[in-house]
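One structure is given here, and the rest of the page talks about it.
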Amino acid sequence: MREELTNELANETTGRSANEHRIQAVIMAGGKGTRLAALTKDEIPKPMVMVAGKPLLLWQVESLREIGFTDIIMVVGHLGGKIREYFGNGDRFGVNIQYFVEDTPLGTAGSFYYLKDMLTEDTFVMMSGDLFFDIDFSRMLRFHKEKGSAATLFVHPNGHPFDSDLLAMEEDGRILKFDSKHNKRDYWYDNCVNAGIFVFDKKICDLVPEPVKKNLENDVLREMIEAGEPVYGYRSPEYVKDVGTVDRINQTLADIERGFISKKCLREKQSCIFLDRDGTLNKYKGLIYKEEDFELEDDAVEAVGRINRSGYLGIVVTNQPVVARGLCSIEEVENIHRKMATLLGQKGVFLDDVLFCPHHPDKGYPEENPAYKIPCECRKPKIGMIEKAAQKYNIDLSASWMIGDTTIDIQTGINAGMHTALVMTGEAGKDGKYDVKPELVCESLSEAINKILSMDERRTEEK
Ligand SMILES: [Zn+2]
């Protein structure tokens, strides 16, 4: 399945199988763009706003063409004539464009009723016209196929989860429910937002049997989830930004300028800072199995924020034998991780992923959970979690770091061929398990991050 899809995409890129298995891309370009009135003056439609000398929609079209998605359907409405005037049938831009014109606004999904007849394949991608993105679609399509998903949403953390609509997902990405920003959130939540890019099976169109206004999340996707249909979130650190305000356009311009956007695309090798949890990111209190015992280190927010802005991925890898010991369940560990995401999210920072090993090899504790009392490949200093992350995010381990407060973390980093930094918080390297020498020894996590980033800066200057 995986190879077949990759070949398909490769062939499309080279134009060899131009008429077979084409992925059609639907761009929802009907937005009114009131928030961009200062730039559009209500004379050009929002997706035609200029970003670095080109209309936003042209950035999208070029990005789709580059990966071989040359069959494009644009759903246009307000001022849509300007879009048709500019793009025509797409010839001039090396693509084939069809239009669907909404005479009356149909919301984010009402047009599915008409799209059904324009779609030629079983699977299509869809995106909102006010996004700036650079993503490896082949990974997302592969995920969609491997999961047997009917609808896959590109999801990512954002800088303000507390006032955003969020998604609650299972560990494998299956979406359990939409968590509206209007809900009173008296629970810990994951920072997981719908970015506006989708892979759908064509049969989703059957859910709109009449040409009436429909909302994609609230009507169509919610109905699918409630009916038990497989709806998945594809979590990715790639750059997808809604540029629906003047401020956001300016941020995107700055990100283009510093090469940040293409660097984050998973076609490119990524660098990652792997972080231990207890004693590194949060205060050391022995085994933590109750969420009330989880408390961030004082500099955790600052440190994670610097990672977020640096271009490094930030991923936690932690041994949690509390499950094997029978002190708590997998669900309770996940709840502790939601607390971690909530506390970081309240300050506008986030982790790209969290992996944990629930196992422990030694039997003989009174309340142990035998299912997890097994030798495994993920318990640090083994590198199962690191390898899993490396595959998922295309990580170059030789350009990555492991930071932790124990010799186990340092040994893990060495085993995986990474750079290593020991922090003097938590156990401060006094666990004595391995005789290892870290590359850096730092007082705190934020000092470690600062040192790593300034070493990189020096290296760039020397080049
Ligand atoms: Zn394990």
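Computed from Cα positions, the angle between helix 300-310 and the longest principal axis of the chain comes to roughly 50 degrees.
Three principal axis extents of the chain based on alpha-carbon atoms, in descending order, are 70, 55, 46 Å. Lacking any other cysteine beta-carbon closer than 4.7 Å, the following Cys residues of the chain have no compatible partner: C192, C205, C265, C272, C328, C376, C442. Sorting the Cα pairs of segment 348-450 by distance into bins of 5 Å, from 0 upward, gives 2, 12, 19, 20, 21, 14, 7, 4, 1 percent per bin. Remark on segment 239-373: ratio of C-alpha radius of gyration to 2.2 N^0.38 Å is 1.29. Taking the charge dipole of the chain about its Cα centre, with +1 at Lys and Arg Cβ atoms and -1 at Asp and Glu Cβ atoms, the residue from H156, S329, G107 reaching farthest to the positive side is G107. Solvent-accessible surface of segment 382-463, averaged per residue with a 1.4 angstrom probe and all protein chains in place: 49 square angstrom.
When Rg and Dmax are taken over the Cα atoms of segment 175-267, they come to 16.8, 47 Å.
Helix 330-346 and the longest principal axis of the C-alpha atoms of the chain enclose an angle of approximately 70°. Here the alpha carbons of segment 293-335 define both size measures, Rg and Dmax, at 13.8, 39 Å. Between D206 and K263, the simple spin-label model (points 7 angstrom out along Cα→Cβ) gives 4.7 nm.
Shown in residue order for segment 404-416 are the 3J(HN,Hα) couplings computed by the Karplus curve 6.51 cos²θ - 1.76 cosθ + 1.60 at θ = phi - 60°: x, 9, 10, 5, 5, 4, 5, 4, 4, x, 5, 4, 8 Hz (x for Gly and Pro). Between D165 and R92, residue separation times 0.36 nm minus the direct Cα-Cα distance comes to 22.4 nm.
Placing +1 on the Cβ of every Lys and Arg and -1 on the Cβ of every Asp and Glu, with no other charges, gives the chain a dipole of roughly 580 debye about its Cα centre.
Taking Cα centroids, how far is segment 166-234 from segment 102-143 in Å? With segment 166-234 and segment 102-143 each reduced to a Cα centre, they are spaced 15 Å.
The values are calculated or read from the model by the stated rules, or taken from the named source; none is laboratory data. For clarity, every value in this text was computed on a predicted model and none was experimentally measured. All Cβ positions, even for glycine, are placed from backbone atoms using ideal geometry, and neighbour counts span all protein chains on display. To get the accessible areas, we keep the full protein, side chains included, count just its heavy atoms, and leave off ligands, DNA and RNA. Shrake-Rupley method; radii C 1.70, N 1.55, O 1.52, S 1.80 Å.
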